[in-house]
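The values are calculated or read from the model by the stated rules, or taken from the named source; none is laboratory data. Bear in mind that the values here come from a model prediction, so they are computed numbers and not experimental data. Positions of Cβ are generated from backbone atoms using ideal geometry, with glycine treated the same way; all protein chains shown enter the neighbour counts.
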Amino acid sequence: MVNERKLLRMARDGDKEAFQQLILAYYPYVTKFLRKLCGNGQDAEDLTQETFLKLIRSIRQYEPSGQAAFATYLITIAKHCYLDFLRRNQHITVDFDALVLPSGEFFEGEIERREDAETLRRAMEALPPEQALAVRLRHFERQSLEEIALQMGCEAKTVKSRIHIGVVKLRKALGGTTNGAK
């Protein structure tokens with residue numbers, strides 16, 4: 001098998017067989033990543049195809065000998081496809097009725113009724129997509145800051161800031177206190 005760097009150079013030069021090998025190698029990886037974000041297999045498949053179409057259009061911009069690994073470059077494209085999807089559809093695909101919501105640290109009390117879950121869903125939808133995604137991954141999926149940073153293609157301190165600002169906005173939208181934060 002040809003090494004990845006050579007395969008990438010060949011794909012950048014227009015070699016369709018090299019590109020096909022890259023797609024075969026990375027398709028499951030991207031699909032799994034997007035399925036975890038979407039929670040919906042069909043949306044994940046559609047976004048995976050969109051990711052590879054964007055890769056085809058942008059492969060010449062990727063430098064195989066650069067600092068970013070190809071997998072990171074590809075996941076960044078996938079993340080942007082997902083965020084565009086959220087913007088287009090203006091919703092977060094989370095089953096709020098099935099969630100076990102944390103108490104104390106996240107909300108000042110537990111959400112006990114379906115109306116409250118609907119209020120939370122609307123508040124989450126009102127957040128910018130990057131904040132909503134960070135809050136969802138941290139508080140509903142219990143991922144670490146490092147895991148979220150890797151998925152979102154940014155630094156852990158950026159994720160922490162997005163989560164903090166998102167939680168402050170949620171508390172405000174839900175009528176809670178913001179502990180002096182703006």
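Please name all residue pairs, on different chains or six or more residues apart, with Cβ atoms under 7 Å, provided the first residue is in the stretch 49-76 and is assigned to a helix (DSSP H, G or I) and the second residue is exposed (fewer than 14 other Cβ atoms within 10 Å of the Cβ) and charged (D, E, K, R).
Sorted first by the residue in the stretch 49-76, then by its partner, the list stays empty.
Can you confirm whether LEU22 is assigned to a helix (DSSP H, G or I) and at pLDDT below 90?
yes
Let's see how each residue does on (1) in the same structural domain as LEU53 (by TED's automatic domain parsing); (2) modelled with pLDDT under 80:
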| position | (1), (2) |
| --- | --- |
| ASP84 | yes, no |
| SER103 | no, yes |
| PHE106 | no, yes |
| GLU110 | no, yes |
| GLN143 | no, no |
| ILE148 | no, no |
| CYS154 | no, no |
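Is it true that some residue in the stretch 19-34 is more than 27 Å from ASN3 (Cα to Cα) and outside the structural domain of LEU137 (by TED's automatic domain parsing)?
Within the stretch 19-34 (the criterion being more than 27 Å from ASN3 (Cα to Cα) and outside the structural domain of LEU137 (by TED's automatic domain parsing)), the answer is no, since none of the residues qualifies.
Tell me, please, whether a residue that is under 18 Å from LEU137 (Cα atoms) and in contact with a Pro (Cβ under 6 Å, 6 or more places away or on another chain) can be found in the stretch 75-84.
yes
If you take the residues in the stretch 45-63 that are of a type outside the set (D, E, K, R) and surrounded by 16 or more Cβ atoms within 10 Å (Cβ to Cβ), which one is farthest from ALA11 (Cα to Cα)?
LEU47
Which residues, counting only those in the stretch 2-44, are loosely packed, with under 13 Cβ neighbours inside 10 Å and at positive phi?
Within the stretch 2-44, GLY14 is the sole residue that qualifies.
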